[in-house]
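The structure under discussion appears below in the form of structure tokens.
The values are calculated or read from the model by the stated rules, or taken from the named source; none is laboratory data. These numbers come from a predicted model, not from an experiment. Heads up, the Cβs are rebuilt from the backbone with ideal geometry, glycines too, and the neighbour counts pull from every protein chain shown.
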Amino acid sequence: MSKILTQDEIDALLRSVSAAQSYEPVAETKERSIHLYDFKHPDRISKDQLRALRTIHDTFARSFGTYLSSTLRTLVDINLLSIDQATYSEYMLSLSVPSCIYIVASKNLKGSAILEVSPQFALTVVDRLLGGTGNRVGSIRELTIIEQNILRKVAESALSILTDSWRQIFRMNLYIESFESNPQFVQIAPASETAAVVSFEIVIRDMTFPMNLCFPYFVLDPLIQNLSTSWASPVTKRISHHEFEELQTRIRLTRLPITAQFGSSHLSMKDIMRLQPGDVIRIDERRGEGLKVWVNGRVKFWGEPGASNSKRAVRILRRVTALEEANLG
């Protein structure tokens, strides 16, 4: 048998229902800042490190542009466009076929990197070095073996200048491992590996060509932490006058080997075995060209041969410029 509510119970129930309807809890809402994060494109290089990378490669762009202007005998400007972080597979898909890809490495780092230039730029440089006008090439094609050998010296000079630009952070000593024209045959990192892609534009007269450097993250990982600390504002230490004089004295007393190179030539062992007194060996240097004076294994001066007190001697004519030193290696 169901229980019948009294009038007092009904009134109490109605009062509780009306009180529940009138109660509105105030919810405290706090705005939270939400940052989008793409797990496919993780930012593994901080802003300070990217700023340091930009400074390094700005220096490289200016120095390499000066080298190309001297080598091609025309005005060349190289501008740093961007430094992006992308997966290795995305970067490889962005390359054209055919392309000019140099796989570079360093004895001081694990792994390899990529120096990539457009085929139009490569053919323009080859045409200019062989005495042509260096106008824009109409059709895109792969480089022949001879053209690759001509362009290899330019690429090696670029790596030497890049090594100098990184010297304050790390001594890379980059060298060329191989050359490829098809990106499908270049596999220096896993497809999902993050890579730092440094993009440049090379401007020759009214022509613009792209150039890229690709560093997989595991290649930069050993030295990436030094970018923030090494490029911070340096604290200079003032040395006393006595320390300065002592440093100068030590430098003056330092002994370095100096060698004057009168000429060089390459002969086969068969030709060397046939040499006889009176034979003439043609050297690479031209008549009237200055002698290279080597100091501790590097060309530092130009000189001319002579004699002093019945002994052979070399008179210093001038210092070797920084650009000449880079070209002479």
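The set of residues in region 201-221 being touching a residue at least 60 places away in the same chain (Cβ under 8 Å), surrounded by fewer than 21 Cβ atoms within 10 Å (Cβ to Cβ) and farther than 17 Å from residue 183 by Cα consists of 201, 203, 205, 207, 209, 217, 218. Filtering region 165-192 to residues that are more than 28 Å from residue 142 (Cα to Cα) and buried (at least 17 other Cβ atoms within 10 Å of the Cβ) leaves 165, 166, 169, 170, 172. Could you please let me know if residue 96 is closer than 20 Å to residue 188 by Cβ, among the small types (Gly, Ala, Ser), part of a loop (DSSP other than H, G, I, E, B) and assigned by TED's automatic domain parsing to the domain that holds residue 164? Considered against the rule, which asks whether it is closer than 20 Å to residue 188 by Cβ, among the small types (Gly, Ala, Ser), part of a loop (DSSP other than H, G, I, E, B) and assigned by TED's automatic domain parsing to the domain that holds residue 164, residue 96 comes out as yes.
Looking at residue 304, is it acidic (Asp, Glu), surrounded by 11 or more Cβ atoms within 10 Å (Cβ to Cβ) and in a strand (DSSP E or B)? Taking the combined requirement at face value, the residue satisfies it. Of all residues in region 102-161, exactly one satisfies the criterion of being out of contact with any strand residue (DSSP E or B) (no Cβ under 9 Å at 6 or more places or on another chain), closer than 19 Å to residue 78 by Cα and among the charged types (D, E, K, R), namely 153.
Of all the numbered requirements in (1) closer than 28 Å to residue 55 by Cα; (2) part of a loop (DSSP other than H, G, I, E, B), residue 153 misses one, and that requirement is (2). Is region 147-164 home to any residue that is crowded, with 17+ Cβ neighbours inside 10 Å, touching a Lys or Arg at 6+ places or on another chain (Cβ under 8 Å) and touching a residue at least 12 places away in the same chain (Cβ under 8 Å)? Within region 147-164, none of the residues are crowded, with 17+ Cβ neighbours inside 10 Å, touching a Lys or Arg at 6+ places or on another chain (Cβ under 8 Å) and touching a residue at least 12 places away in the same chain (Cβ under 8 Å).
Filtering 239, 224, 251 for residues that are in contact with a helix residue (DSSP H, G or I) (Cβ under 8 Å, 6 or more places away or on another chain), at pLDDT below 85 and surrounded by fewer than 13 Cβ atoms within 10 Å (Cβ to Cβ) leaves a single hit, 239.
Checked against the criterion of being under 17 Å from the mean Cα position of the chain (by Cα), within 15 Å of residue 158 (Cα to Cα) and either surrounded by fewer than 18 Cβ atoms within 10 Å (Cβ to Cβ) or in contact (Cβ under 8 Å) with a residue 40 or more places away in the chain (or both), the candidates 83, 114 yield just one match: 114. Each residue in region 256-284 was checked for being touching a strand residue (DSSP E or B) at 6+ places or on another chain (Cβ under 8 Å) and of a type outside the set (Val, Ile, Thr), and 5 pass. When the test is whether a residue is touching a Leu at 6+ places or on another chain (Cβ under 7 Å) and among the hydrophobic types (A, V, I, L, M, F, W, C), residue 295 passes it.
The lone criterion from (1) part of a loop (DSSP other than H, G, I, E, B); (2) closer than 30 Å to residue 49 by Cα left unmet by residue 114 is number (1).
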